[in-house]
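The values are calculated or read from the model by the stated rules, or taken from the named source; none is laboratory data. All of these numbers come straight from a predicted model, not from anything done at the bench. Positions of Cβ are backbone-derived with ideal geometry, glycine not excepted, and every protein chain shown enters the neighbour counts.
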Amino acid sequence: MVISAPNALDLHFSQAIQHFQPGWLNTVMRAVSDVAAPVVLIVITLVLVIYLFLQRKYPSGTTLLILAAGNLLTIILKNIFNQPRPSAPLVHVLTHESSYSFPSGHAIGAVLFAASIGVSIWPRLSRTARSWAVGYLTIFCLLVGYSRVYLGVHWLTDVVYGFAIGLAWALGCMWLFRTRSK
């Protein structure tokens with residue numbers, strides 16, 4: 001399935017976000033995007049998995065490993081949909097990517113990473129700390145999604161569907177592990 005033209009919402013949203021692009025914000029958005037690259041977040045998660053396995057916390061390590069495996073959906077779905085990335089003159093492309101656009105791998109990866117961190121620290125947090133953790137992890141995900149549209153490498157729908165896919169995988173994993181542990 002190939003979709004060639006963006007819908008009006010995607011185009012207007014990208015153009016609105018890109019209306020204000022000072023040099024310092026370009027640098028910040030590139031840094032956010034680089035730090036949240038799927039490969040970076042997967043490596044960090046795998047280091048955490050190894051740590052948990054060394055601590056003999058096999059259920060937690062396995063949960064994180066299966067959460068991280070959700071990143072494979074990016075490759076599968078990009079090759080099914082073959083959605084081209086935004087391009088000039090429709091948007092200002094600040095970073096060039098070679099893979100397909102839909103869904104955003106950064107968005108999927110950010111949600112799965114946030115879920116991994118949440119699963120790892122949740123049991124040790126107070127109610128107040130849990131609220132803060134959810135807030136910070138949500139802001140992290142939203143900032144990653146914003147950076148991808150800002151940099152001109154994704155449409156809004158790529159990011160929104162990426163969030164939804166990552167969230168569906170994470171919730172499915174948590175449901176699976178909750179039902180198996182009973």
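Brief remarks follow.
- Of the criteria (1) within 21 Å of L41 (Cβ to Cβ); (2) polar (S, T, N, Q); (3) surrounded by 16 or more Cβ atoms within 10 Å (Cβ to Cβ), which one S98 fails: (3)
So that you can scan it fast, the table gives a plain yes or no per residue for (1) under 14 Å from the mean Cα position of the chain (by Cα); (2) surrounded by 14 or more Cβ atoms within 10 Å (Cβ to Cβ); (3) in a helix (DSSP H, G or I); (4) of a type in the set (A, V, I, L, M):
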| site | (1), (2), (3), (4) |
| --- | --- |
| P6 | no, yes, no, no |
| F13 | no, yes, yes, no |
| H19 | no, no, no, no |
| L41 | yes, yes, yes, yes |
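- Filter pass, L90 being surrounded by 15 or more Cβ atoms within 10 Å (Cβ to Cβ), over 25 Å from M174 (Cα atoms) and not hydroxyl-bearing (S, T, Y): yes
- Tally of residues being of a type in the set (D, E, K, R) and modelled with pLDDT of 95 or more across segment 131-182: 2
- Of all the numbered requirements in (1) modelled with pLDDT of 95 or more; (2) closer than 26 Å to Y136 by Cβ; (3) part of a helix (DSSP H, G or I), I76 misses one, and that requirement is (2).
- Within segment 118-158, the set of residues being under 25 Å from L65 (Cβ atoms) and either within 10 Å of the chain's Cα centre (by Cα) or not in a helix (DSSP H, G or I) (or both) comprises L125, F140, C141, V144, G145.
- Within segment 159-171, if we keep just the residues that are surrounded by 22 or more Cβ atoms within 10 Å (Cβ to Cβ) and of a type outside the set (A, V, I, L, M, F, W, C), the residue that is nearest to A69 (Cα to Cα) turns out to be G166.
- Filter result for the condition that a residue is of a type outside the set (S, T, Y), farther than 20 Å from C141 by Cα and touching a residue at least 24 places away in the same chain (Cβ under 8 Å), over P22, P86, P38: P86
- Within segment 73-95, considering residues that are under 28 Å from T45 (Cα atoms) and of a type in the set (S, T, Y), the one nearest to the chain's Cα centre (by Cα): T74
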